[in-house]
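The values are calculated or read from the model by the stated rules, or taken from the named source; none is laboratory data. Being a predicted model, the structure only gives us computed values, none of them experimental. Because the Cβ atoms are built from the backbone with ideal geometry, glycine has one as well, and the counts that use them run over all protein chains shown.
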Amino acid sequence: MKNLFLAALVAAQTAALPALADPTPVSEIDVDMDLTAIETTEAASVWKRLPDDLEAAIAARIADLIDENGAEVNIDIDAVSLANALENSLGIEGSTLEGTINITRSGILNDDDYKLTVAAEDAMVFIPEGTEVGALTIQSDAFYVAMIDAFAKNVEEHLR
């Protein structure tokens, strides 16, 4: 009897709660990265397209959330972490893509800021099937796209 009462109480309270999180409509995505913080030409050449590519990857994942009255998503990529992985020749194992995400929504106290770090192992699920993982380098197109996809997927999940 006690269990039945407890189950009914939990069900009633759960039904009374509003949805925990509705998807966030988005009006703008802006990715910034200070290439001048990268001190080597090689690192700059590998990551120079990152802001545009990341914006496009996020937009593709949230196309159904695009709304002119939606939130603004601003991402500041830590270019230094990108350069350090490349300069230290750690291979993909030591690679990270780090950024600060700011989601500005209308209303008081609705904004959201968080730091996101995507490590190489997070990106492995986005490596195309049949790719020889042992041959990947930081300069590999497949690795570059996988890191962007992993970052974009996390931002998408945060918005949904």
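Within segment 71-93, does at least one residue satisfy the condition of being over 15 Å from the mean Cα position of the chain (by Cα) and at pLDDT 95 or above? Yes, segment 71-93 contains a residue that is over 15 Å from the mean Cα position of the chain (by Cα) and at pLDDT 95 or above. Could you check how many residues of segment 143-160 are farther than 16 Å from GLU55 by Cβ, part of a helix (DSSP H, G or I), out of contact with any helix residue (DSSP H, G or I) (no Cβ under 6 Å at 6 or more places or on another chain) and at pLDDT below 95? The total comes to 0. For segment 127-142, the set of residues classified as aliphatic (A, V, I, L, M) and not in a loop (DSSP other than H, G, I, E, B) consists of VAL133, ALA135, ALA142, listed by residue number. For segment 120-136, the set of residues classified as over 30 Å from PRO25 (Cβ atoms) and hydrophobic (A, V, I, L, M, F, W, C) consists of ALA120, MET124, ILE127, VAL133, ALA135, LEU136, listed by residue number. Could you tell me whether segment 112-126 includes any residue that is touching a residue at least 60 places away in the same chain (Cβ under 8 Å), within 25 Å of PRO23 (Cβ to Cβ) and outside any loop (DSSP other than H, G, I, E, B)? The answer is no; no qualifying residue exists.
Here ALA146 clears all of (1) within 25 Å of ILE38 (Cα to Cα); (2) free of Cβ contacts under 8 Å to residues at least 12 places away in the same chain except the condition numbered (2). If ALA11 passes every condition in (1) modelled with pLDDT of 65 or more; (2) in a helix (DSSP H, G or I) but one, which one does it miss? All conditions pass for ALA11, except number (1).
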